[in-house]
Amino acid sequence: MEWYVLISAAVGLMLLLFATGLPIFLSFLTLNLLGLYALTGNFKGVLLVVNSMYDTGTSLSLAAIPLFILLGEILFRSSAVNVMFNAVDAVVGAVKSRLYIVSVILSTIFGALSGSAMAVAAMMGASLLPEMEKRGYQKNMSLGTILGGSSLAPIIPPSVMAVVLGILAGVSISGLLVAGVLPGLLLALVFFIYIVIRVKLNPKLAPAVIESSSLSAQERIKLLLRAVPFLAIIATILVLIISGVATPTEAAAMGCVVAMITCSLFASLRWPTLVQALRSTAWTTGMIMIIMVCSVSFSQILNMSGVTTHLVNAVTSLEWHPVLMFIMLMALGFVLCMFIDQIAVMILLVPLYKPIIAALGFDPLWFWAIFLVNVSIGNVTPPFGYTLFALQGAAKGTTIQELYRASVPVILLYLLVIVVLALVPDIILWLPSLM
Amino acid sequence: KDLTLLSSWDDNYNAVPVFVGQFVEKLKEKSNGDLSVQVRGPETVPPFEQLQPVAGGLFDMLFTHGAYHLGETGMAFGLDAVKDDPIARRESGIYELIDKHYQSRGLKLIGVFSSASGYHFLLRQPIAEDGALKGRKIRASATYHDMVQELQGAVVTLPPSEIYSSLERGVVDGAAWPVFGAMEYRWYEVSDYMTRPTFGVTNQVMLMNLDTWNGLSKQQQDTIMEVARELEVSGRQVFADLWAKEDAAMQEAGLEITQFGPDVAPKVDAMFAEGVWKQVRNRAGADGEAFHKLAVEKGLTSQ
Amino acid sequence: MSASGPFRPVRHALCLLAAFQDVITRITFVVAVIASAYLTLVLAWEVIARYALNNPTGWGPDTAAISFALITFCAAPMLAWKSGHANMNMVVNALPEHIAVWLQRFTWLLACTVCLIAAWFGFAELKRVFAGNVMMIAVTPIPKWWLMLAIVYALSNMGFYFLRHFLCTWAGSCEQNNTGAT
Ligand code: NA
Ligand code: NA
C-alpha cells in the first residue's frame with residue numbers, strides 16, 4: 001500500500017475513534033494494535049507497545065508532570081490563592097476597569113504557579129467571575145480575561161505541556177520551560193493593553209464609578225508582603241532549573257516541598273488537604289500519563305512502517321518557502337487543536353514535524369516554543385477546549401456559546417503574539433541562552 | 001532478501017555510519033544486490049528495549065551495545081573487558097560461547113565491532129593526591145557503577161542530556177563516558193580534564209534473529225559472515241584513525257590530561273574489567289562464568 | 001429491567017465479583033497516592049543529598065522512576081471505573097439517545113477488547129521477564145516484572161471495567177455509582 005494511503009487511513013481512523021467518544025488513550029492503543037497487525041500479520045508486535053508503556057512510564061523526565069500537578073493542587077487547596085488575590089487587589093488599587101486588570105495579573109501569577117490551564121480557569125471562574133458580574137463588569141470581557149489569562153499556564157513554567165512537548169520533540173525540557181517565561185509575560189502585557197484600549201474606546205465596559213478603596217498604604221504593603229513567600233515557590237523552581245542545579249523534575253519536587261512548607265506556615269495547609277491534593281494528583285496523572293504511555297508507540301509504528309521517511313521526503317521536496325512552511329505547520333496544529341485534545345495533537349504531529357523542521361533548518365527551541373504557544377490556544381478554541389469546559393463548569397449559568405464568543409478576541413491576540421515571536425526570536429531564546 | 005536492522009543510535013553516533021553504513025553497502029555489493037538492509041533507529045524502539053523485538057522476529061537484525069540489554073543478559077557486555085584484537089578474539093573461541101548463549105534466546109551473533117578506544121572520565125578538577133576519585137560525584141551509568149565506587153567516588157544518575165549543565169554548575173564533579181563524546185556534545189566547554197589511562201574497550205555487537213538466520217541459504221549466511229569479519233578489522237582501523245583525531249581535537253579544545261596516581265593508574269583497566277565481569281557473571285550465569293574463564297585462559301583480559 | 005427467576009443467583013455472583021474488583025481498585029489507588037508522595041520526597045531529598053550533603057543516594061532516582069510508573073498504572077483503573085478518562089463526547093452528546101446508546105455500547109466493547117488484548121500480550125512478556133529474572137537497567141538492580149505486573153494489572157482491570165460498563169447498558173442499575181471524580 002502507498003504510504004500516503006496508510007497515513008491518511010491512520011489519521012482518519014484516529015479522528016473517527018476520537019469522535020465515537022472512545023477514551024483518547026484507547027483510540028491510540030486501538031490504532032497501534034491494528035497498525036502492528038497490518039505490518040506483521042499477527043499480534044506478536046504488541047510486545048513493542050507493552051515495552052513502550054514500560055519505557056515511557058518509567059521516564060523520569062515525564063515525572064515532572066505529577067509534581068507540577070501536585071504543586072498547583074497544594075496552592076489551590078490551601079488558601080494561598082486568597083493571599084495572592086488580596087495582594088494583587090492591593091497593588092492594583094482604585095483604577096478604572098480594576099477587576100479586569102486584577103484578573104489578568106492574577107491569572108498570570110496563577111499560571112506561573114500552576115502547571116495546567118484548567119485549574120486556573122476553574123479557580124478564577126469560581127472566585128473572581130461572580131465578583132466581576134456583581135460589580136457590573138461586562139460578562140463577555142470578564143470571561144475573555146479569564147480565558148486569556150488562564151491559557152498562560154501551559155506557557156509560563158511550570159508547565160505539564162512543555163514537559164510532554166520536550167519529550168516528544170527531543171528538545172531540552174529545561175530550555176523549553178525557561179523559554180516560555182518571556183512570551184507568557186508578553187501575552188499578559190498584550191491582554192493588559194487590550195483591556196485599557198477597549199475600555200477607553202467604550203467606557204461602558206467597566207463600571208463608571210471608581211470603586212473607593214478603604215485600604216491605607218500601610219495595609220497594602222502588608223498584604224503585598226504576605227504574598228512574598230508564595231512567590232518564593234516559583235523562584236525556587238526557576239532558579240534551580242536555570243542554574244542547572246537540578247533537573248526540571250527534581251526542581252518540581254523541590255517546589256512541591258517548598259510549597260508544602262510555605263502553605264502550612266502562611267496558608268491553611270493541613271493533613272486532610274494534603275491527602276486530597278495527593279489523591280487529585282494521582283487521578284490527573286493517571287489520566288495524562290495513560291495517554292502518554294499508550295500513544296508513544298504510535299510514532300514508533302509509523303517509523304517502523306516507513307511512513308515517516310516518505311512523508312518527510314515528500315514535504316521537504318515541496319521546496320516551499322520556509323515562511324510558508326512555518327505557517328502551514330502552525331496552521332495544521334491550530335486547526336487540529338480546535339477539535340482534539342492538545343496532548344493528542346502533539347503526539348500526532350510532533351514526531352512527524354521533528355525531522356521536517358530539522359530538514360528546514362529551523363531553530364528547534366524557537367520552533368517548539370512557538371508551537372507550545374500555538375497549542376496552548378487550543379485550550380480556548382471552539383468547539384473543543386478543556387479551559388472552555390472548565391470555566392463553564394465553574395461559572396454557573398454561563399452557556400458555552402457565551403464562552404465561544406468571549407474566546408474570539410483572545411485567540412486573535414494570541415495569533416498576533418505568535419507573529420511577533422516568529423519575527424523576534426530573541427523573546428524566546430534570550431532567557432535559555434543564559435543557562 | 002530484504003532485512004530490517006534495528007540500531008540503538010541514529011547516524012550522529014559515529015559507529016553507525018562506520019559499521020552499519022559499511023555493512024549495508026558491502027553486503028549489497030558482495031551479494032550482488034541479493035541481500036539488502038533497511039535501517040530503523042532508536043525512534044522506532046527505545047535503545048534499552050530492542051533485544052526482545054529482534055529475538056521475537058519483529059526485526060531481523062540488531063546493532064547495539066552489550067550494556068543496553070544488561071537487564072536481559074550481560075554476555076555481550078563482557079566484550080568491553082576483552083582485549084581489543086579482532087583476530088585474537090575470533091580465534092579464542094569466545095564468539096562461539098557468546099553465539100551459543102544468544103542462540104538460546106533466539107538470536108545469532110553476527111559480529112563484534114570495536115571502536116578501537118575505551119572509556120574515560122571528564123573532570124572539573126585534576127586528579128588529586130589520592131590518585132583516584134575520592135569523594136567526587138561522578139555521573140555514571142550502570143556500566144561504570146562498580147568502577148566509580150572502587151575509585152571511591154559517588155555515583156550520580158542523570159540522563160545524558162543533563163551532563164552538560166550538571167558539569168557546568170558543579171552538580172557533578174565529573175562524568176564517565178566513552179572517549180568519543182566530549183567534542184560532539186561540547187562537554188569540553190564545561191570540563192577541563194580527562195583522565196588517563198583510558199580503560200576498557202567500547203564494542204558494538206550485531207545480532208540476527210535466529211529464524212531469519214536459519215531461513216537464509218548457506219551462501220547468504222557465508223556472505224553475511226564474511227562481510228562482518230572483514231568489517232571487524234577494517235572498521236576498527238577507521239576508528240583507530242578517528243580516535244587519534246578525536247584525542248588531538250580534545251586537547252586542542254582545552255581538555256588537559258590528568259593521570260591517575262601511580263598506585264591507581266596501572267589498575268584502572270583491571271578495576272573496570274572486574275566490574276564488567278561481575279555483571280557478566282550476575283547477568284549471564286554459567287555461560288558468563290565460562291566466558292570469563294576462557295578470556296582469562298587465553299590472556300585476553302586484565303582481570 | 002428487573003432481575004428475576006434463574007438470573008438472580010448469577011446476577012448476585014456478578015455483583016459480588018464487581019464489589020471485589022472495586023475493593024482492589026481502591027487499594028491500588030491508595031498505592032498510587034502513596035507513590036505520589038514518595039516521588040516528591042525522594043527527588044527533593046536527592047537534590048539535597050547531592051548538592052548540600054555531597055552524598056547522592058543512587059537508589060533515589062531508580063526508585064523514583066518506579067513510583068512514577070506506579071502512579072500511572074495504579075490510578076488508571078480507578079478512572080476506568082469512574083469514567084474519568086479523557087475523551088471527546090461532543091458527538092455522543094449531540095446524537096439522539098437511542099443512537100447514542102448503541103454508539104456507547106460499541107465503544108465500551110471496543111475498549112474492553114483492546115485492553116484485554118494488550119493485557120494478554122503484556123502477560124506473556126510478564127511471564128518471560130519473571131522466568132528470565134530480567135532486571136531494570138539502573139544503578140540499583142530491580143526486577144522488571146514488578147512493573148510489568150503493574151502494567152498488566154492496569155490493562156486487565158480497565159478491560160473488566162469497560163466490560164462492566166458495557167453490560168450495564170443492558171442491565172440498567174446493578175452497581176454503577178459514577179459519582180464523578182474523587
Ligand atoms: Na504554568
Ligand atoms: Na480547541
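The values are calculated or read from the model by the stated rules, or taken from the named source; none is laboratory data. Quick caveat, the model's predicted, so the values are computed rather than measured. Cβ placement follows ideal geometry from the backbone for every residue including glycine, while neighbour counts extend to all protein chains displayed. Side chains are part of the model used for accessible areas, which takes the heavy atoms of the whole protein and leaves out ligands, DNA and RNA. Shrake-Rupley method; radii C 1.70, N 1.55, O 1.52, S 1.80 Å.
The table below gives the values:
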item: Chain A: angle of helix A:181-201 to the longest principal axis, Cα-based, in degrees nearest 10; result: 50 degrees
item: Dmax and Rg, reported as Rg then Dmax, of chain B (C-alpha, Å); result: 19.2, 61
item: Simple label model, 7 Å out from Cα along Cβ direction - A:GLU402 to C:THR113, nm; result: 4.4 nm
item: Rg over Rh [alpha-carbon atoms, Kirkwood Rh] for the range A:37-133; result: 1.30
item: Estimated 222 nm signal from helices in chain A, with DSSP H stretches of n ≥ 4 weighted -39500 (n - 2.57), rounded to 500; result: -26000 deg cm²/dmol
item: Entries of B:LYS108/B:LYS293; B:LYS83/B:LYS293; B:LYS83/B:LYS245; A:LYS44/C:LYS144 with Cα pairs more than 18 Å apart; result: B:LYS108/B:LYS293; B:LYS83/B:LYS245; A:LYS44/C:LYS144
item: Trypsin sites (Lys or Arg not before Pro) within the range B:57-136: DSSP coil, no more than 13 neighbouring Cβ in 10 Å; result: B:LYS134
item: Two-site label geometry, C:HIS12 and B:GLU226: point separation in nm, points 7 Å out along Cα→Cβ; result: 7.8 nm
item: Rounded FRET efficiency, nearest 0.05, which uses the C-beta distance separating C:ASN89 from A:SER216 and R0 of 41 Å; result: 0.20
item: Heavy-atom accessible surface of the range C:8-177: percent carbon and sulfur, 1.4 Å; result: 75 percent
item: Å² of accessible area per residue within the range C:8-177, as computed with a 1.4 Å probe and no ligands counted; result: 44 Å²
item: FRET efficiency estimate (nearest 0.05) - Cβ-Cβ, C:ASN54 to A:LEU224, R0 41 angstrom; result: 0.60
item: Inter-label distance, nm, simple model (7 Å from Cα along the C-beta direction), C:ALA19/B:ASN12; result: 5.8 nm
item: Contact order relative to length of chain B, as percent, for alpha carbon pairs under 8 angstrom and 6 or more apart; result: 27 percent
item: Sorted largest first, extent of the range A:112-265 alpha carbons per principal axis (Å); result: 51, 37, 23
item: Percent accessible area from carbon and sulfur atoms, chain A, protein chains only, probe 1.4 Å; result: 70 percent
item: If the convex hull is drawn through the Cα atoms of the protein assembly as shown, its volume per residue in Å³; result: 180 Å³
item: Inter-part distance where the range A:172-242 and the range B:136-186 are each reduced to a Cα centre, Å; result: 41 Å
item: Three-way shape call for the range A:209-364 based on the alpha-carbon gyration tensor, with the a/c threshold at 1.5; result: prolate
item: Average Cα contact separation per residue, the range C:8-177, under 8 Å, 6 or more apart, as relative contact order %; result: 26 percent
item: Semi-axes of the equivalent ellipsoid for chain A, Cα gyration tensor, largest first, Å; result: 38, 24, 20
item: Pairs of alpha carbons in the range B:168-303 whose separation is greater than 18 Å (percent); result: 71 percent
item: Chains C and B, summed buried accessible surface - 1.4 Å probe, Å², nearest 100; result: 1600 Å²
item: When the convex hull of its Cα atoms is projected in every direction, mean area for the range C:73-153 (nm²); result: 6.7 nm²
item: Cα centroid separation, the range B:215-253 to the range C:96-167 (Å); result: 43 Å
item: Kirkwood Rh and Cα Rg combined as Rg over Rh, evaluated for the range B:114-237; result: 1.14
item: Estimated buried accessible area (total), pair C and A, 1.4 Å, Å² to nearest 100; result: 5100 Å²
item: Amide H within-cut-off set for B:GLN38, under 5 Å, with H built and near neighbours excluded; result: B:LEU3, B:THR4, B:LEU5
item: With at most 16 other Cβ atoms within 10 Å, longest stretch of chain B clear of loop GluC sites (Glu not before Pro) (DSSP); result: B:1-128
item: Computed FRET value (nearest 0.05) for B:GLU252 with A:LEU16, which takes r as the C-beta separation and R₀ as 51 Å; result: 0.30
item: Phi-based couplings in Hz for the range A:160-165 (Karplus 6.51, -1.76, 1.60; Gly and Pro marked x); result: 5, 5, 5, 5, 4, 5
item: Once the Cα gyration tensor of the range A:73-200 is diagonalised, semi-axes √(5λ) in Å; result: 27, 16, 12
item: Between 0 and 90°, nearest 10: helix C:7-51 axis offset from chain C longest Cα axis; result: 20 degrees
item: Aspartates and glutamates with Cα under 16 Å of C:LYS82, excluding same-chain neighbours fewer than 8 positions away; result: C:ASP22, C:GLU175
item: 0 to 90° range, to nearest 10: angle between helix C:97-131 axis and chain C longest Cα axis; result: 40 degrees
item: Fraction of beta bridges assigned by DSSP in the protein assembly as shown that are antiparallel (%, nearest 5); result: 55 percent
item: Taking the C-alpha atoms of the range B:260-303, convex hull volume expressed per residue in Å³; result: 53 Å³
item: Over the range A:182-283, equivalent-ellipsoid semi-axes from the Cα gyration tensor in Å; result: 34, 21, 16
item: The range B:50-116 pair-distance distribution - Cα-Cα, 10 Å bins, rounded %; result: 20, 56, 22, 1
item: C-alpha center-to-center spacing [the range A:272-350, the range B:29-59] in angstrom; result: 26 Å
item: Cα-Cα separations in chain C greater than 26 Å, expressed as whole percent; result: 46 percent
item: Computed over the range A:256-323, the ratio Rg/Rh where both radii use C-alpha atoms and Rh is Kirkwood; result: 1.39
